[in-house]
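What follows is one structure encoded as C-alpha cells, with my remarks underneath.
The values are calculated or read from the model by the stated rules, or taken from the named source; none is laboratory data. Here the structure is a predicted model, which is why all the values come from computation and not from measurement. Using ideal geometry, Cβ is built from the backbone for each residue, glycine included, and neighbour counts are taken over all protein chains shown.
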Amino acid sequence: MFAMSVSTWLEDHSTIDTLMDLPLAVAVVHRAGSVDLVNRRFSAEMDTEALTPEVIAGLAARDAPSNVTLPNTNGDGERVGAFVLPLGDRLMLILENGDRAVEILQERLRELERLSTKDRLTGAWNRMHLERTVESETARAARYRQPLSQILLDVDHFKRINDGFGHSVGDEVLKKLVGRVQNVLRLTDGLYRWGGEEFVVLAPETDAVGAAVLAERLRQVVAAQPFPVVGAVTVSLGVAEYLPEGSSDEWFDRCDRAMYRAKAEGRDRVVVDPLRPAADPAAGSARTRSLVELVWESDYASGHPVIDAEHRRLFELANRVLAEALSSRSEPDRLADAVSTLVREVERHFGHEERILEDCGFPGLQGHSKAHQALLRRAREVEAAVRNGPVSVATLVEFLAQDLVLRHILTADRQFFGLVRAC
C-alpha cells in the first residue's frame, strides 16, 4: 500500500521537482536497465555511472522493499548502502537506511496530501479544500444574505463491506458512489470527502428545503442499483442550513447530529436539522422545533389583507405537513390529514383570490386561473399518493416549497401585487 501511494504520488505531481526537493539521495531506475531520474543529493554521494544495466538487472527481481549495497566509483570505491522501493516497472533507490527513508517519504506524502485539493482515491475534493471553501462560502452567504446548506453523507454499514469483501472492494464502492452522487449534483454544488466513508456536499444559494430535496435525490440514486460485488448499498444523510449568527463549526455539528439521527432512526434516510425555533423563545411559546420551516417574510405581502392572511395560513399548513413528513414518530394518517387540510385551504384560497382579482380588473386573470387549476390538480395527486402509500419527503418538499411557494406565491402572484394594493 505504501509503495502504491509513492507511485501515485510520482504520477500525480511533477516528478523532477518532487525528487529534487526531497531531503534524501534518490534515483529512479527502470527494471529494463535504464536510469530515469536522479536528484542532486544522489549525484553528490554516488557516481550514477555505477548504475549500469548489469547492476540494475541484479535489483530488478526484487518485489519487496529491501536494503542493498551498490557499487560506487566515487572516492575509495567502497559499496554504498541503499534502500530499494519497487514501484511497478521502476525501482526507487535511496541512499539511506530503509526505516529512515520510509519515515521521510511518508512525511512528504502527508504534506502533499495536505496541500492537494483532490482526494486521491475518489476524485472528490478533500477535507483541506472543504475547509477553505467553507470559509469563503459562509462569508459570501452572510454578506449577500444568500442561503447556504450542507449535506453530510455517510455510507451505511461500511465496516461490514470492508470486513466482508476487503478494503480494495470497499475502495471501489466509494469510487462508484462518488460517481453516482456527482451525476446528481448541480454545477454550483461541491462534493468533498470528509474522511473514511463520510462525504460533504456544499450547496450554495440553497436553503434547508432545497437541500432536503437534493439529499433525498442523492439517497435514491445510491440505493437505486446494486454495487458490483457487494450488492445493495445505502446512505444516511444529515442536512443543515448555515445560520450567519453561528460559526461554521456549529453548522457542521448540527449537520453531523442530523446524520446520526438518520442512523438512529433506521438508516437509508434524510434528516434535516431545525433552521430555527418555530416560534421566538423569548415570547414564551411552548411550540416544538420544526425540522424544516417555510418562513414568511414581510416582502412576500401583496398589500391585500385577505390574500396576505390566506398566504400566511398556507405557510402554516405547509409547515405542519413538513413537520409530519420529517418526524420519525408521525403516523401515516396524521400526515394524510395534514395534506388534505392543506389542499382544501389551497382550493378555498384560489377561489377567494380569483374573485378579488376579478373585482380589481386583473388583465391576466384567465391565465392565472389556469395556473391555479394546474396547481390544484398537482395538489390532489400528492394528496392521493399520500393516502395510498408511502411518499418520499422529496416529493412533498418539492411540491410545497417549489410548486406552491416559490413558483406560485412568490413568483406568479407578484404580477398582481401593485394592482391589488390600489384596489
If we ask which residues in the range 135-166 are part of a helix (DSSP H, G or I), of a type outside the set (Gly, Ala, Ser) and at pLDDT 95 or above, their number turns out to be 7
When you go through 391, 386, 420 one by one, which is the residue that is of a type in the set (Val, Ile, Thr), part of a helix (DSSP H, G or I) and within 31 Å of the chain's Cα centre (by Cα)?
386
Residue 353 fails exactly one of the following numbered conditions: (1) surrounded by fewer than 19 Cβ atoms within 10 Å (Cβ to Cβ); (2) touching an Asp or Glu at 6+ places or on another chain (Cβ under 8 Å). What is the number of that condition?
(1)
Answer residue from the range 394-417, given it is assigned to a helix (DSSP H, G or I) and among the β-branched types (Val, Ile, Thr) and is nearest to residue 217 (Cα to Cα) among those:
395
Of those in the range 222-243 that are touching a Lys or Arg at 6+ places or on another chain (Cβ under 8 Å) and under 13 Å from residue 148 (Cα atoms), the residue modelled with the lowest pLDDT is 243
Conditions (1) in a helix (DSSP H, G or I); (2) at positive phi; number of the one not met by residue 123
(1)
Sole residue being surrounded by 14 or more Cβ atoms within 10 Å (Cβ to Cβ), at pLDDT below 90, of a type in the set (Val, Ile, Thr) and farther than 21 Å from residue 322 by Cα, chosen from 420, 397, 405:
420
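Quick grid of which residues meet (1) charged (D, E, K, R); (2) over 38 Å from the mean Cα position of the chain (by Cα); (3) in a strand (DSSP E or B); (4) surrounded by 14 or more Cβ atoms within 10 Å (Cβ to Cβ):
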site	(1), (2), (3), (4)
78	yes, yes, no, no
91	no, yes, yes, yes
103	yes, no, no, no
168	no, no, no, no
